[in-house]
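Take a look at the structure below.
The values are calculated or read from the model by the stated rules, or taken from the named source; none is laboratory data. All of these numbers come straight from a predicted model, not from anything done at the bench. FYI the Cβ positions are ideal-geometry reconstructions off the backbone, even for glycines, and counts take in every protein chain you see.
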There are 2 protein chains.
Amino acid sequence: MTRELDIDATERLREALDVEDQSAVFATAQDMHYADLATLYEELDDAKRDLFLKTIGPELATDVVAELPYSLIEEALGHFHPAQLRVLLGNLSDDDRVDVFQVCGKEAQVRFFSLLGPRDKELTRNLLKYEEDTAGGRMTTNIGRITADMTVKQAIAVLRRDREDAETLARIFVVDSEGRLVGKVRLRDLAFATWDSPIRDIMQEAAEFVLAGSDQEEAARMLAKYDLVVLPVVDEFHHLLGVLTYDDAMEILQEESTEDIEKLAAIAGEQSEISFLNIGVYEHLRRRVLWLVLLAFVSIISGFVLYRFEEVLEQAFVLTLFLPMVVAAGGNAGGQAATMVVRAMALGEITPGSALRIAWKEARTGLLLGLALGLSIAVFITVLLPVLLPLFQGSGTGPNFGFARLAFAVSAALTVQVLSATILGAMLPMMARGLRFDPAVVSAPSLASIVDVSGMFIYFITASIILGI
Amino acid sequence: MTRELDIDATERLREALDVEDQSAVFATAQDMHYADLATLYEELDDAKRDLFLKTIGPELATDVVAELPYSLIEEALGHFHPAQLRVLLGNLSDDDRVDVFQVCGKEAQVRFFSLLGPRDKELTRNLLKYEEDTAGGRMTTNIGRITADMTVKQAIAVLRRDREDAETLARIFVVDSEGRLVGKVRLRDLAFATWDSPIRDIMQEAAEFVLAGSDQEEAARMLAKYDLVVLPVVDEFHHLLGVLTYDDAMEILQEESTEDIEKLAAIAGEQSEISFLNIGVYEHLRRRVLWLVLLAFVSIISGFVLYRFEEVLEQAFVLTLFLPMVVAAGGNAGGQAATMVVRAMALGEITPGSALRIAWKEARTGLLLGLALGLSIAVFITVLLPVLLPLFQGSGTGPNFGFARLAFAVSAALTVQVLSATILGAMLPMMARGLRFDPAVVSAPSLASIVDVSGMFIYFITASIILGI
């Protein structure tokens, strides 16, 4: 399989770099995929990066730079002289070139911009108008465009000219004289049609498209849902501006999944494109420490609640046995509910409008979960605890109640805790979206910290009432 | 935008179904995308599903059935008579047909199989040999195949014949007389080449391919990494069996992300393809209850540890204030580390081989996180606690120590807890993979339950030593 092959090639390339054998570096790199070369680049030290980029030739270097994690791009471009940079920036596809400008510092932007040709300057300026995370910010403008009144022969002549430049010819878009999107043609229909038939006869309606200002995730989901290779991007007057391709969509969906996974675990900030092992310790620290400190202070509230119930614990210290369990069960059940709702929202399956239906469904699920847990623990307390407790030098239950009453108190508290945490877990992400936050900020840990506090109250109040303390 | 359009169309279709207006159902459905029709189908009751499937015509019905969540496919096919079923099963693309057989019950499998034509029977039997989650199990065999000695004209004649059947013509694969993969041709090169040039001259090396038995996720990641539209699937003798397409890859990557997200939140079982709101309460219960009960019993161990330290608490009840915080901080920090490692593994960024490097990196990160948290809490205890405690009718600190010593004890415990939980969180997923479990089974909640137990020990032992209790 290729992967094994490429591990070999990567090894050979690494060795060639070690001994500074330029011709071996060049030859090995030519046979490798730029994606693998970009992965290797991350791991090289500065001197080797310089040798590498300058040896592999401008075309391959362009592909590698375009594939690098954003945070390495400015550094990589710094290895080139202005003359080389001019070639490299000109070689980049327009969406990759815009990415370069979006991720570089102000000073580098100005320097790079001055190296562009007049056409690239205008194109880049136009594309930079769109936010980085919109369809317009991700689109490419290198596409095949034909008009409906061309014949197949004329269309092929036009497309042949753009053949190598166009990012994709899987779908060719048909525009009117004003540049407005009117239809699409499959390359296979064009290739196999008779040469004098008009494009009008073989074109199909371009039913799927997005506005340039649309969120990139929405656009990517549309590509995925409708199994499209390319999705046209238009302005509000329906002018065809460019396309998003399936590989952009895959990248966007992966980024968004990683972001949701990390947010759900209370990891802050944008996911880095650099691979895990190449991120420094301080970057890891930066993304994790804020939430940890914040959650720690929320947990101190739990501590104060616990502290307030000193009297109850003094009368029935046996209650400590089930305190961590009741509290944690709420966090776990709430985390499950929140995760399912956040993911369902990300996949576009639910909207804030269905809040009531979700609350009702989660209320029933939460109640059943609470009852199932309560029953399991009740059995444990009545059957096993009388045997286990003496082993831990326990002094039996409290003064006024037996194991059966303890079981009832713990199970009741557990059911209330799981039910309320499940509903809260399902509702908070929807409320977050209602307030225009990302639903995934309602992370499992922050939810757990909140229901820790409510769990302490639920546990001690339920126990006090049922056990008569 | 299309989405708004489709919501309108969905509404009209729903109304037409309500009044059983068959011609309106037919007309509206024809203008809609089958993906939207499949989404609508989920929400219909049995009678409307019957009317819907029988009205929209066999071709559209085939597309809708292929797009349905797996759990609804057998039910949907049950609406058709054998004669209709024969047409529908014949219309399905070969990979969708195999899916049908993989998800239906034994009895339905036999019945459906008897309705297939002889060629489809053999094809289906061959494809069913591959596991559902392998490249072979997901591939399509409807592809354009040509040989290197054909001219462009001959190749186009061959492909024109297969034009509508082939799932994709973005890449056309070149095989030798034995059917072994020897290269690939882009449709654009074929379309724009002179008719008498031999295929040999315009074909490129097919460097990327997977074995049929490879894991589907590995194959999907290769498509994503190398920006491929199609990835050829071969057997061990390099015979071309079929291809995986970009839309298969997108689907696979989304499924795997959802699975990881859910596992990390301790939700068991395969993700359902049915949308969140259409899953029943009992299905939700089934996927969540087992982990909740299991984790509850682990938390009881924490309870027993707490119970054992009754004496320490009796002497310094003020320690309860920081008990929930120290314990929870471990769960949070460990959960962050586990999540990052699980995701990095899923993205193929780290392997068990890099375990030592990761342990070292996480040890440093964990130490810094622990120190940062410890410092914040020490400031809180020395500066704010003396003011806050009287408000809660607190009796001051313990008998033998002041706020400064308490701050030192809590911070030391916190640092040890966060450091150990971070290392454990990073290591457990890698150990799980070493033992051939899915790394994502090391969910944040299960990790939290484990470090709850160790956290109790760390807290009470550290406090006893430093405070001299």
Taking the stated definitions as given, is residue B:253 more than 9 Å from every other protein chain (Cβ to nearest Cβ), out of contact with any Phe, Trp or Tyr (no Cβ under 7 Å at 6 or more places or on another chain) and crowded, with 18+ Cβ neighbours inside 10 Å?
-> no
Taking only segment B:110-141 into account, find how many residues are under 23 Å from residue B:255 (Cβ atoms) and of a type in the set (Phe, Trp, Tyr).
-> 1
Of the conditions (1) over 25 Å from residue A:304 (Cβ atoms); (2) touching a residue at least 40 places away in the same chain (Cβ under 8 Å), residue A:437 clears all except one; give me its number.
-> (2)
Would you point out which residue out of B:356, B:321 is farther than 16 Å from residue B:454 by Cα, at pLDDT 90 or above and in a helix (DSSP H, G or I)?
-> B:321
For segment B:286-315, how many residues are surrounded by fewer than 18 Cβ atoms within 10 Å (Cβ to Cβ) and facing chain A (nearest Cβ under 9 Å)?
-> 6
Within segment A:48-70, is even one residue in contact with a Phe, Trp or Tyr (Cβ under 9 Å, 6 or more places away or on another chain), touching a residue at least 60 places away in the same chain (Cβ under 8 Å) and assigned to a helix (DSSP H, G or I)?
-> no
Which number in (1) buried (at least 17 other Cβ atoms within 10 Å of the Cβ); (2) at pLDDT 85 or above; (3) more than 24 Å from residue B:335 (Cα to Cα); (4) away from chain A (no Cβ under 13 Å) marks the one condition that residue B:412 misses?
-> (3)
In segment B:172-217, residue farthest from the other protein chains (Cβ to nearest Cβ) [restricted to those that are closer than 14 Å to residue B:159 by Cβ and assigned to a helix (DSSP H, G or I)] | B:199
Residue A:236 passes all but one of (1) at the interface with chain B (Cβ under 7 Å from one of its Cβ atoms); (2) touching a residue at least 12 places away in the same chain (Cβ under 8 Å); (3) surrounded by fewer than 18 Cβ atoms within 10 Å (Cβ to Cβ); (4) not hydroxyl-bearing (Ser, Thr, Tyr); which number fails?
-> (1)
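Residue check: is residue B:327 closer than 30 Å to residue A:298 by Cβ, facing chain A (nearest Cβ under 8 Å), surrounded by fewer than 18 Cβ atoms within 10 Å (Cβ to Cβ) and not hydroxyl-bearing (Ser, Thr, Tyr)? Give the steps one after another, and end with the answer.
Values: closer than 30 Å to residue A:298 by Cβ: yes; facing chain A (nearest Cβ under 8 Å): yes; surrounded by fewer than 18 Cβ atoms within 10 Å (Cβ to Cβ): no; not hydroxyl-bearing (Ser, Thr, Tyr): yes.
So residue B:327 fails the test.
Got a number for residues in segment B:415-448 being under 21 Å from residue B:259 (Cα atoms) and in a helix (DSSP H, G or I)?
Let us first name the residues in segment B:415-448 that are under 21 Å from residue B:259 (Cα atoms), namely B:425-448.
Next, only the ones that are in a helix (DSSP H, G or I) stay: B:425-434, B:439-441, B:444-448.
Residues that pass the stated criteria total 18.
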Examine segment B:134-157 for a residue that is in a helix (DSSP H, G or I) and facing chain A (nearest Cβ under 10 Å), and state whether such a residue exists.
-> yes
Within segment A:271-285, is even one residue modelled with pLDDT of 80 or more, touching a helix residue (DSSP H, G or I) at 6+ places or on another chain (Cβ under 8 Å), closer than 25 Å to residue B:254 by Cα and part of a helix (DSSP H, G or I)?
-> no
Keeping to segment B:88-133, report how many residues are part of a helix (DSSP H, G or I), hydroxyl-bearing (Ser, Thr, Tyr) and closer than 30 Å to residue B:177 by Cβ.
-> 1
Counting only residues that are away from chain B (no Cβ under 14 Å) and of a type in the set (Val, Ile, Thr), which one in segment A:8-27 is farthest from the chain's Cα centre (by Cα)?
-> A:19
Considering every residue within segment B:112-122, establish whether at least one is crowded, with 19+ Cβ neighbours inside 10 Å and under 22 Å from residue B:279 (Cβ atoms).
-> no
What is the number of the single condition among (1) buried (at least 19 other Cβ atoms within 10 Å of the Cβ); (2) at the interface with chain B (Cβ under 9 Å from one of its Cβ atoms); (3) of a type outside the set (Gly, Ala, Ser); (4) farther than 18 Å from residue A:435 by Cα that residue A:350 does not meet?
-> (4)
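To keep it simple, each residue is scored yes or no on (1) farther than 27 Å from residue A:282 by Cβ; (2) of a type in the set (A, V, I, L, M); (3) part of a strand (DSSP E or B).
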{"residue": "A:219", "(1), (2), (3)": "yes, yes, no"}
{"residue": "A:222", "(1), (2), (3)": "yes, yes, no"}
{"residue": "A:227", "(1), (2), (3)": "yes, no, no"}
{"residue": "A:236", "(1), (2), (3)": "yes, no, no"}
{"residue": "A:248", "(1), (2), (3)": "yes, no, no"}
{"residue": "A:256", "(1), (2), (3)": "no, no, no"}
{"residue": "A:263", "(1), (2), (3)": "no, no, no"}
Pairs under 9 Å by beta carbon, first residue over 22 Å from residue A:171 (Cβ atoms) and free of Cβ contacts under 8 Å to residues at least 40 places away in the same chain in segment B:187-216, partner of a type in the set (Ser, Thr, Tyr) and surrounded by 15 or more Cβ atoms within 10 Å (Cβ to Cβ), six or more apart or different chains?
-> B:207/A:2; B:207/B:226; B:208/A:2; B:208/B:226; B:209/A:2
So which residues in segment B:27-47 are closer than 19 Å to residue A:222 by Cβ and without any contact (Cβ under 8 Å) to a residue 24 or more places away in the chain, if there are any at all?
-> B:31
Inspect segment B:102-121 for any residue being over 24 Å from the mean Cα position of the chain (by Cα) and within 26 Å of residue B:184 (Cα to Cα) and give the result as yes or no.
-> no
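Could you please find all residues in segment B:440-469 being closer than 25 Å to residue A:334 by Cβ and away from every other protein chain (no Cβ under 13 Å)? Walk me through how you get there before you give the answer.
The first filter runs over segment B:440-469 and keeps only residues closer than 25 Å to residue A:334 by Cβ, leaving B:440-456, B:459.
Answer for segment B:440-469, where residues must be closer than 25 Å to residue A:334 by Cβ and away from every other protein chain (no Cβ under 13 Å): just B:441.
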What number of residues within segment B:256-271 are facing chain A (nearest Cβ under 9 Å) and either touching a strand residue (DSSP E or B) at 6+ places or on another chain (Cβ under 8 Å) or of a type in the set (A, V, I, L, M, F, W, C) (or both)?
-> 5
Criterion (β-branched (Val, Ile, Thr), surrounded by 22 or more Cβ atoms within 10 Å (Cβ to Cβ) and assigned by TED's automatic domain parsing to the domain that holds residue A:463) met by exactly one of A:383, A:318, A:387 | A:318
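Going by the conditions given, is residue B:425 at pLDDT below 85 and either among the small types (Gly, Ala, Ser) or touching a strand residue (DSSP E or B) at 6+ places or on another chain (Cβ under 8 Å) (or both)? Before you say what the answer is, go through the steps one by one.
Numbers: at pLDDT below 85: no; either among the small types (Gly, Ala, Ser) or touching a strand residue (DSSP E or B) at 6+ places or on another chain (Cβ under 8 Å) (or both): yes.
Criteria not met by residue B:425.
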